[in-house]
Ligand SMILES: [Zn+2]
């Protein structure tokens, strides 16, 4: 990939910036893999992909999105591309290169898995008797709840991503221009 003044510049710059902050970056069929900066990672367990609205990041060891972003010196918001029009232009150039139905289905599966995981944590947390809890118990619980919120956030990003992919392609098929969101 060469930097040039084309329509995928915003996505390219965002992804380049993220990849530049990671070690052992390698291209994969869907994007890139790298060592997760948020845990002691010996085998690269971080997956990255160029989404339609943001850089998609997932640690298969279960690190929270917030922590991964922080370990890279970024905020979660920094993973999103800049403006609505850029998002849409990026969406087109990214989707052309891939089987978009398959990509949308993969994203929805990932979103569902994250959502179920987060809900299991919330359900468990809501049934606990916290009267005799120590500070350490609270720390562990707070961490688990924060992790679950991170998963919910990532699930939502994946869902929006899948929706955008379908919307972009299906509206093109019936001659409707995608409207702003
Ligand atoms: Zn990790």
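For residue 173, the stated conditions hold: it is exposed (fewer than 15 other Cβ atoms within 10 Å of the Cβ) and modelled with pLDDT under 85. Pick from 77, 70, 11, 49: which is out of contact with any helix residue (DSSP H, G or I) (no Cβ under 8 Å at 6 or more places or on another chain), in a helix (DSSP H, G or I) and more than 15 Å from the ligand (Cβ to nearest atom)? Answer to the check: 77. Do we find that residue 157 is closer than 24 Å to residue 75 by Cα, modelled with pLDDT under 85 and surrounded by 13 or more Cβ atoms within 10 Å (Cβ to Cβ) in this structure? It is false that residue 157 is closer than 24 Å to residue 75 by Cα, modelled with pLDDT under 85 and surrounded by 13 or more Cβ atoms within 10 Å (Cβ to Cβ).
Close Cβ contacts (under 8 Å, 6 or more residues apart or on different chains) running from residues in segment 59-74 that are in contact (Cβ under 8 Å) with a residue 12 or more places away in the chain to residues that are within 7 Å of the ligand (Cβ to nearest atom) and part of a helix (DSSP H, G or I) comprise 59/68. Of the listed requirements (1) buried (at least 21 other Cβ atoms within 10 Å of the Cβ); (2) more than 11 Å from the ligand (Cβ to nearest atom), residue 36 misses just one: (2). Against the definition (touching a strand residue (DSSP E or B) at 6+ places or on another chain (Cβ under 9 Å), away from the ligand (no atom under 14 Å from the Cβ) and assigned to a loop (DSSP other than H, G, I, E, B)), how does residue 24 come out, yes or no? Criteria not met by residue 24. No other residue among 52, 7 is at pLDDT below 80 and within 19 Å of residue 154 (Cβ to Cβ) apart from 52. Tell me, please, whether a residue that is within 19 Å of residue 146 (Cβ to Cβ), assigned to a strand (DSSP E or B) and within 15 Å of the ligand (Cβ to nearest atom) can be found in segment 58-65. Yes, segment 58-65 has at least one match.
The values are calculated or read from the model by the stated rules, or taken from the named source; none is laboratory data. The shown structure was predicted, so the numbers you read here are calculated from the model rather than taken from an experiment. For neighbour counting, all protein chains shown are included, and Cβ atoms are generated from backbone atoms with ideal geometry for every residue, glycine included.
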